[in-house]
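Colleague: The following block contains the structure, expressed as structure tokens.
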Amino acid sequence: MEEAHDWYRALSAEDRSWVGMVAHAGIAAFIAWHADPETIPPIAADVFGSAPRELTRSITLNQTLDLIRSVVDVVEQAVPRIAAPGSEHTLREAVLTYSREVAFASAHVYAQAAEIRGAWDARLESLVVDAVLRAEADEALESRVSALGWGEVHDIVVVAGAAPPGSGTEAVDALRRSAIREGVEALTAVQGRRLIAILGSVDEPLRTVGALAHLFGDGPIVVGPRVPHLFAAGRSARAALSGLGAAPAWAEAPRPCLADELLAERALAGDHRARHQLLERVHRALEARAGAEETMAAYLRTRSIEATARTLFVHPNTVRYRLAKFADDSGFDLTDARDAFCVQLASAYAALPDRR
């Protein structure tokens, strides 16, 4: 095996020892079966029972089949020496029959290992999603993240929407497969009526989630802000869940929608972080340029550039310039009804004595 297979030489001494034991067990089981060919041997137990389950991680199914071929070649070469005169052909046929059964048993062992590993990974995935939603960035999360291979995944967003009708397992699997096709990593879980996805390696959140939107149920889909790594994903999750709860207040909300586009609705729903973020955006823009605050206030009262210009005794082009700069600084265009509503709400919150 060392001469024929490079992968065997690369194994650790312990793994090579286990492979040798499996090969010897296979030959011993064949001898016992050949002595009583009417019996149907429990091949998986006889051949693979001595090996630890972890061996399926060190050696692939293809490598196991290479091992079977090598053992069969050695036994076939020994047939002339060990077979009774005249029974060489019968022994060769028995070797081929048994090797076929061992190959089928190998596939069964690997399928079982994959099923167990898949079930364990699904449980870990669900625990990680739950920990992110609870903002529990502790040592347990670090261990689970490492086990799932997410330790080096960056550019993460949390997506929240309604779960589709039917099996939660099917919804999770479909979303994960589609995410892979989009070139992103995905941890997914169905929690009650919600389908939650943590997406990694995301360059364009709205484009990526838009390609996955058909896998969610009816209703809004909200995308939290992008964060650098999974241990900061609690912030993205809070915003996404807050936005999902507040989205019905904006009937024309796009699908999917960024959580930051729902700051006004989230603030109205009692999200203090969203209220603070909304106030900060408007306040910074008002502080950035002279005349911004009085222009904003006058325009919100009149909703007219000309009327605002008359109120402030300035040229209408001056009003247009100030509104354009306010839009650049805050992201809110006061000539748009939706953005004007957000700014007016921020102004109302700013006027309240309690701004927490």
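Computed from the coordinates by the stated procedures, all read-outs in this text should not be read as laboratory data. The structure presented is a predicted model; accordingly, all values stated were derived computationally and were not measured. Positions of Cβ are generated from backbone atoms using ideal geometry, with glycine treated the same way; all protein chains shown enter the neighbour counts.
Colleague: Roughly how tilted is helix 13-35, in degrees to the nearest 10 and between 0 and 90, from the longest Cα axis of the chain?
Modeller: For helix 13-35, the angle is close to 50 degrees.
Colleague: Take 33, 7 and order them by how many other Cβ atoms sit within 10 Å, fewest up front.
Modeller: Details: 33 19, 7 14.
Lowest to highest Cβ neighbour count: 7, 33.
Colleague: Could you give the Stokes-Einstein D for segment 272-351 in µm² per second, using the C-alpha Kirkwood radius, 25 °C, 0.890 mPa s? Working shown, then result.
Modeller: Numbers: Rh = 12.4 Å.
For the chosen part, D equals 197 µm²/s.
Colleague: In a solvent-free Debye calculation with one equal scatterer on each Cα, what is log10 I(q)/I(0) for segment 315-356 at q = 0.22, 0.25, 0.30, 0.34 Å⁻¹, listed in the order of the q values?
Modeller: Evaluating at q = 0.22, 0.25, 0.30, 0.34 Å⁻¹ gives log10 I(q)/I(0) of -0.75, -0.85, -0.97, -1.05.
Colleague: A follow-up question, please. Along its principal axes, what span do the Cα atoms of segment 150-261 show, with the longest given first and each in whole Å?
Modeller: For segment 150-261, the Cα extents along the three principal axes come out at 37, 30, 23 Å.
Colleague: Can you check what the net charge comes to around residue 202, using other residues whose Cβ is under 11 Å from the Cβ of residue 202 (Lys, Arg +1; Asp, Glu -1)? Before the final figure, lay out each step's value.
Modeller: Numbers: positive: 207, 226; negative: 155, 182, 185, 203, 204.
For residues surrounding residue 202, the net value is -3.
Colleague: Let me ask you something else. If amide hydrogens are placed 1.01 Å from N in the peptide plane, which non-local residues have theirs closer than 5 Å to the one on residue 163?
Modeller: Sorted by chain and number, the residues that satisfy this are 194, 195, 217.
Colleague: Normalized C-alpha radius of gyration of the chain, against 2.2 N^0.38 Å? Each step should come with its number before you reach the end.
Modeller: Working: Rg = 32.6 Å, N = 356, 2.2 N^0.38 = 20.5 Å.
Rounded to two decimals, the normalised Rg is 1.59.
Colleague: Another question, if that's okay. By how many nm would the segment from residue 83 to residue 4 grow when fully extended, if each residue of separation counts as 0.36 nm and the alpha-carbon distance is taken off?
Modeller: Values: separation 79, 0.36 × 79 = 28.44 nm, distance 2.58 nm.
Between residue 83 and residue 4, full extension yields an extra 25.9 nm.
Colleague: Separate question: Report the per residue volume, in Å³, of the convex hull enclosing the C-alpha atoms of segment 218-308. Show your work: numbers first, answer last.
Modeller: Working: hull volume 11.7 nm³, N = 91.
Per residue, the Cα convex hull of segment 218-308 comes to 128 Å³.
Colleague: Rounded to the nearest 0.05, what FRET efficiency do residue 90 and residue 16 have when you use their Cβ-Cβ distance and R0 = 30 Å?
Modeller: Numbers: r = 33 Å, r/R0 = 1.11.
That gives a FRET efficiency of 0.35.
Colleague: Now for a separate question. So, R0 is 45 Å and r is the distance between the beta-carbons of residue 306 and residue 211; what FRET efficiency does that work out to, to 0.05? Display every interim value, and only then the final one.
Modeller: Values: r = 45 Å, r/R0 = 0.99.
E between residue 306 and residue 211, to the nearest 0.05, is 0.50.
Colleague: Another one. For segment 327-335, in order, what is each residue's ³J(HN,Hα) by Karplus, 6.51 cos²θ - 1.76 cosθ + 1.60 with θ = phi - 60°, in whole Hz (x at glycine and Pro)?
Modeller: 5, 5, 7, 10, x, 10, 9, 5, 7
Colleague: Would you please give the FRET efficiency between residue 27 and residue 130, computed as 1/(1 + (r/R0)^6) with r the Cβ-Cβ distance and R0 = 51 Å, to the nearest 0.05? All intermediate terms of the calculation are to be shown ahead of the outcome.
Modeller: Values: r = 49 Å, r/R0 = 0.95.
Computed FRET efficiency for residue 27 and residue 130: 0.55.
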